[in-house]
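Structure first, commentary second.
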Amino acid sequence: MTATTATTTTNPSITPELLLKLAYSYPNLQNSWYLIAVATLTQLNLSEEIPKVFHFALRQQLLEFQNDSSLLTNETMLKLAEDSISSSERFPDIHQTGVKLPDVLIPHTYSEKLPLNYKYYQGKDIRQTQQSIVDQIREVLLKISMFSGLPKSINSLLILKSVTPTALTNSNTDTNISLPKRKNIVEPIEENTTTNTQNVVDTIGGKISNGSIVNTGIKYIQIN
């Protein structure tokens, strides 16, 4: 009689340490690291981790960048990442109630403790930056569907929607696909239009007159 042991595997989880590493270990990707992270998580079918990256990016991109390894272990930055993960986990429940989702900003209590300066001080600039982040992530999720498959992209988009602050849901990027109405495809026949019923031939698509046929474009083939 042999004993068997069952092993359980758990999906990797985004941690505050990993968020800081992604944001501050690659200077050339300082303004796009979150886009690469979202695309990778979608491809790996880990869309449930996207809100953590998203909420941290909404805050982190409001700060100036600094290529300093000490940021990876800075207590205030780690706390900011933890708060971002926490808010990303609360938002889906709020979204289900139909209540407007609040803004995702850096708390004022962090001002004196942050090791980085703010990029923006005007509300308009902050809103514009965060709206750009939302639009860019949506665009990436739409484009990556060519490689990851449409179901994965749709799942990521739905998850993103459930954690996006209400103030940022009005995007300039139109991702809705609308088909033209029938009246835009086929124009209605006016009642005053008269048709010569002579020399009219029935076809599969309807009736056409001899005058509408371009004889120069037709070659007759004789069958013996």
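Every number here is computed from the coordinates shown, using simple stated rules; none is lab data. In this text the structure is predicted, and so the values were computed from the model without any measurement. Using ideal geometry, Cβ is built from the backbone for each residue, glycine included, and neighbour counts are taken over all protein chains shown.
Could you state, as a whole-number percent, how many of the C-alpha pairs of segment 1-150 are farther apart than 25 Å?
Details: 3725 of 11175 pairs.
Cα-Cα pairs in segment 1-150 separated by more than 25 Å: 33 percent.
Just grab the label-to-label distance for Lys161 and Tyr120, each label 7 Å out from Cα along the Cβ direction, in nm (one decimal).
It works out to 2.5 nm between the two label points.
With r as the distance between the Cβ atoms of Glu64 and Asp103 and R0 = 22 Å, compute the FRET efficiency 1/(1 + (r/R0)^6) and round to 0.05. Mind showing how you got there, number by number?
Details: r = 20 Å, r/R0 = 0.93.
The computed FRET efficiency comes out at 0.60.
If we count every other residue with Cβ under 13 angstrom of Leu72's Cβ, Lys/Arg +1 and Asp/Glu -1, where does the sum land?
Values: positive: Lys21; negative: Glu17, Asp68, Glu75.
After counting each charged neighbour, the total is -2.
Of Lys52/Lys119; Lys52/Lys124; Lys124/Lys152; Lys21/Lys124; Lys79/Lys100; Lys21/Lys100, which pairs sit farther than 27 Å apart, going by alpha carbon to alpha carbon? Display every interim value, and only then the final one.
Working: Lys52/Lys119 22 Å; Lys52/Lys124 24 Å; Lys124/Lys152 33 Å; Lys21/Lys124 29 Å; Lys79/Lys100 25 Å; Lys21/Lys100 32 Å.
In this structure, Lys124/Lys152; Lys21/Lys124; Lys21/Lys100 lie more than 27 Å apart at Cα.
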